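Please treat every number below as a calculation from the coordinates, not as lab data. Just so you know, these numbers come straight off a predicted model, no measurement behind them. We place every Cβ from the backbone using ideal geometry, glycine too, and count neighbours over all the protein chains shown.
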Amino acid sequence: MTSMPVRCLVLACGNTLRGDDGVGPWLADWAQDRFAGDPSVSVFANQQWTPDLAHDIAHARSVLFIDCSIESTPGRVRIRPVEPAATAPGLATHHTSAAELLGLGLELYDSQPRTALLLTIGAGSTELGEGFSEAMATALPQACDLLESTIGELLLD
């Protein structure tokens, strides 16, 4: 992924074939375009977060996780701090949370970012399909604005 520590690591996850679950990769593409050429920002998206990301997370100055939320109201854009969670034996690789990745980075590398945030957008539908629900499509401008301003603040930190 990255060869040197970055000031702002953006990690998105989601399945682009499952409706609103694809918002993470969509926002990662948007951020990649928006911050193209800025070596202090590194953007990565995949279907799921995996333990191998712990190294880059532990060595980044800040990390911003992006995912949809099936627990939030559809279209609700939210950002919150993430604290490291204790890692359990046999860490599952099917779905590793942001908090577990922070905990793994701390455990393995005795390091963690100064700031770790999670940006979520409430999913209206995660059914098979490549399009977004109306609630998600309506929330995208707000999510992009929040993503841009948050990355800007993290770069100043």
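Data overview
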item	result
Neighbour-count ranking [beta-carbon atoms within 10 angstrom, fewest first] of Phe65, Phe35, Phe44	Phe44, Phe35, Phe65
Cα→Cβ-extended label distance, 7 Å offset, between Glu71 and Phe44, nm	2.5
Ranked Ser149, Ser111, Ser62, criterion: other C-beta atoms within 10 Å, fewest first	Ser149, Ser111, Ser62
Estimated FRET transfer efficiency when R0 is 41 angstrom, pair Ser111-Thr138 (beta carbons, to 0.05)	0.60
Convex hull volume per residue in cubic angstrom - Cα atoms of the chain	102
On Cα atoms only, tilt of 98-109 relative to the major axis of the chain in degrees	20
